[in-house]
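*Asks:* Pasting a structure below so you can have a look.
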Amino acid sequence: MFLAVPPIRILIDGYSLLHQWPELAAGQPRHSAPAREALIRVLTHYQDITGTPVTVFFDARQRRGPPPPPAGQEAIEVLFSEPGQTADAMIERVAARLAPLGEVLVVTEDLLERQTVEAFGAWTWSCSEFMQHAQKLLAEHQQELRRLNQRDHARFRNRF
């Protein structure tokens, strides 16, 4: 499940991942702005921990709610397809361009999409593989933060 070499970028099919991760924005429609924002928050935290750039792609035809924020407001790259274009096509194009530069990881449930980007030299994970990895990593990070906070709190108590 884990790559031997860290990827230079992770490309994520946003709606594919949202459909597989119902705990994010529970009760919200999967194509809603709150669901996308919840996913973007988690992916931003993931990127902050790993240092691996993340790009999440959404089909514009599925978008409900307000337009995406202007570029630069999110810590991760968020791209919406244009009319007549699919997020899958965008992912394929980016994977083909980046694969010669290093390991690229594509996250999607779409088997045909996975086979296509693998042909370009990209690695793929199913959404459940990525979720399992991300949840474990985020939980370990939270545990480490708690440990460090407790240590610092004990140091502070002992000084006074």
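The values are calculated or read from the model by the stated rules, or taken from the named source; none is laboratory data. All of these numbers come straight from a predicted model, not from anything done at the bench. Every residue, glycine as well, gets a Cβ built from its backbone with ideal geometry; the counts of neighbours run over all protein chains shown.
*Asks:* ALA75 versus (1) modelled with pLDDT under 95; (2) among the hydrophobic types (A, V, I, L, M, F, W, C); (3) over 25 Å from ASP48 (Cβ atoms): which is the lone unmet condition?
*Replies:* Condition not satisfied by ALA75: (3).
*Asks:* Quick check on segment 21-58: of everything there that is of a type in the set (S, T, N, Q) and assigned to a loop (DSSP other than H, G, I, E, B), which residue is farthest from LEU112 (Cα to Cα)?
*Replies:* Checked segment 21-58; the qualifying residue farthest from LEU112 (Cα to Cα) is GLN28.
*Asks:* Yes or no: ASP48 surrounded by fewer than 14 Cβ atoms within 10 Å (Cβ to Cβ) and modelled with pLDDT of 90 or more?
*Replies:* Criteria met by ASP48.
*Asks:* Turning to a different aspect of this structure: When the residues of segment 119-145 are narrowed to those that are closer than 17 Å to MET90 by Cβ and either in contact (Cβ under 8 Å) with a residue 12 or more places away in the chain or of a type outside the set (A, V, I, L, M, F, W, C) (or both), which ends up surrounded by the most Cβ atoms within 10 Å (Cβ to Cβ)?
*Replies:* The residue in question is ALA122.
*Asks:* Filtering segment 76-98 down to residues that are small (Gly, Ala, Ser) and either touching a residue at least 12 places away in the same chain (Cβ under 8 Å) or part of a strand (DSSP E or B) (or both), which residue is farthest from THR44 (Cα to Cα)?
*Replies:* ALA96
*Asks:* All but one of (1) modelled with pLDDT of 90 or more; (2) more than 12 Å from the chain's Cα centre (by Cα); (3) within 22 Å of ASP110 (Cα to Cα) hold for PRO34; state the number of the condition that does not hold.
*Replies:* (3)
*Asks:* Also, quick follow-up: Within segment 1-20, can you find the residues that are in a loop (DSSP other than H, G, I, E, B) and either at pLDDT 95 or above or more than 11 Å from VAL107 (Cβ to Cβ) (or both)?
*Replies:* Those that are in a loop (DSSP other than H, G, I, E, B) and either at pLDDT 95 or above or more than 11 Å from VAL107 (Cβ to Cβ) (or both): MET1, PHE2, LEU3, ALA4, VAL5, PRO6, ILE8.
*Asks:* Would it be correct to say that LEU101 is surrounded by fewer than 14 Cβ atoms within 10 Å (Cβ to Cβ), closer than 20 Å to GLY51 by Cβ, in contact (Cβ under 8 Å) with a residue 24 or more places away in the chain and out of contact with any strand residue (DSSP E or B) (no Cβ under 7 Å at 6 or more places or on another chain)?
*Replies:* Spelling it out, LEU101 is indeed surrounded by fewer than 14 Cβ atoms within 10 Å (Cβ to Cβ), closer than 20 Å to GLY51 by Cβ, in contact (Cβ under 8 Å) with a residue 24 or more places away in the chain and out of contact with any strand residue (DSSP E or B) (no Cβ under 7 Å at 6 or more places or on another chain).
*Asks:* Residues in segment 16-56 that are within 17 Å of GLU129 (Cβ to Cβ), in contact (Cβ under 8 Å) with a residue 24 or more places away in the chain and out of contact with any Pro (no Cβ under 7 Å at 6 or more places or on another chain): how many?
*Replies:* Here the count works out to 12.
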